[in-house]
Amino acid sequence: MIEVGALSKRYGNFTAVKELSFTVRPGEVLGLVGPNGAGKTSTLRCLAGIIPASSGTVRIAGHDIAADPIAAKRALAFFPDEPRLFDYLTVRQHLTFVARIYGVAHHEAIAQPLLDEFEIADKADQLPGELSRGMKQKLAIACGLLHAPQVMFFDEPLTGLDPLGIRRMKKSIVTRARAGATIVLSSHLLHLLEEVCTHVMILKRGEKIADGTIAEVATRFSNGEPNVNLEEIFIRATGGTES
């Protein structure tokens, strides 16, 4: 579970995230939506403990990210929009390295199914420089899933993936949510959020302007119209600002 209370993040005199409070429960996928500069990435980085919040609280699987960061970070995985890999480690060596960090015993039995799931088993002995952008993204996600995190943060997870890779990634996210994972997904691809998310939260200038199930948010901004999609909801909620 993710529990956030009055989270704020300031950079000097600029407030990127302001008094943000919300909860995401096991099995839920929260779509984080907002225009460029709305505070989505700053929010994700604060939740994952990559940068400190200026104020407020974040609890990951019952652990306070500020007071007990090691326990909290063992329970989570953060997937940035740009994969960060080691130039001189092969695909297989990346997984071995991550397994040692998290103390994953007998990791080979876990790593191989991940390599198969993300279709990079045939690249196991290659270096990152030999991989396509999409393959690098798949490797980074496989590494993040190796320790079976309870909480997952995805920042634009489909970048660089081909259509088949996109389909498999969506299935992977939904499958893990159904197995009880707690997931936050930030993306400008609103059709992706409609397909995989149970809830949505819309940010504008660092503040929450709407949240709830997609049906609840749709009702709020539908003006009585049926079948209003998430793109139209976004435009209405943000005053016509494009994502």
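The values are calculated or read from the model by the stated rules, or taken from the named source; none is laboratory data. Small disclaimer: the values here were computed from a predicted structure and weren't measured. As a convention, Cβ positions derive from the backbone with ideal geometry for all residues, glycine included, and neighbour counts pool all protein chains shown.
Worth pointing out:
- All of GLN137, GLN150 fail the test of being closer than 30 Å to SER42 by Cβ and either buried (at least 21 other Cβ atoms within 10 Å of the Cβ) or of a type in the set (Gly, Ala, Ser) (or both), apart from GLN137.
- Pair list, Cβ under 6 Å, 6 or more apart: region 106-124 residue in the same structural domain as ASP162 (by TED's automatic domain parsing), other residue of a type outside the set (A, V, I, L, M): none
- Positions within region 182-211 being over 14 Å from LEU158 (Cα atoms) and part of a loop (DSSP other than H, G, I, E, B), in sequence order: CYS197, THR198, ARG205, GLY206
- Selection from region 72-99 of residues that are out of contact with any strand residue (DSSP E or B) (no Cβ under 7 Å at 6 or more places or on another chain) and among the acidic types (Asp, Glu): GLU82, ASP87
- The helices (runs of 4 or more DSSP H) found entirely in region 24-103 that carry 1 or more residues being within 30 Å of GLU231 (Cβ to Cβ) and out of contact with any Leu (no Cβ under 6 Å at 6 or more places or on another chain) are 40-47.
- Residue within region 163-177 that is surrounded by fewer than 18 Cβ atoms within 10 Å (Cβ to Cβ) and assigned to a loop (DSSP other than H, G, I, E, B) present: no
- The residue that is farthest from VAL17 (Cα to Cα), among those in region 192-213 that are without any contact (Cβ under 8 Å) to a residue 60 or more places away in the chain and over 16 Å from the mean Cα position of the chain (by Cα), is THR213.
- From the list GLY56, GLY62, GLY39, the one residue that fits, being in contact (Cβ under 8 Å) with a residue 12 or more places away in the chain, at positive phi and crowded, with 19+ Cβ neighbours inside 10 Å, is GLY39.
- Residues of region 65-81 satisfying the condition of being surrounded by 22 or more Cβ atoms within 10 Å (Cβ to Cβ) and more than 21 Å from PRO26 (Cβ to Cβ): none
- Within this structure, LEU95 fails the test of being more than 27 Å from ASN36 (Cα to Cα), more than 18 Å from the chain's Cα centre (by Cα) and in the same structural domain as VAL200 (by TED's automatic domain parsing).
- Residue check for ALA142: touching a residue at least 24 places away in the same chain (Cβ under 8 Å), closer than 20 Å to ALA179 by Cα and crowded, with 17+ Cβ neighbours inside 10 Å: yes
- Checking each residue of region 227-234 against the condition of being more than 15 Å from the chain's Cα centre (by Cα) and at pLDDT 85 or above gives no match.
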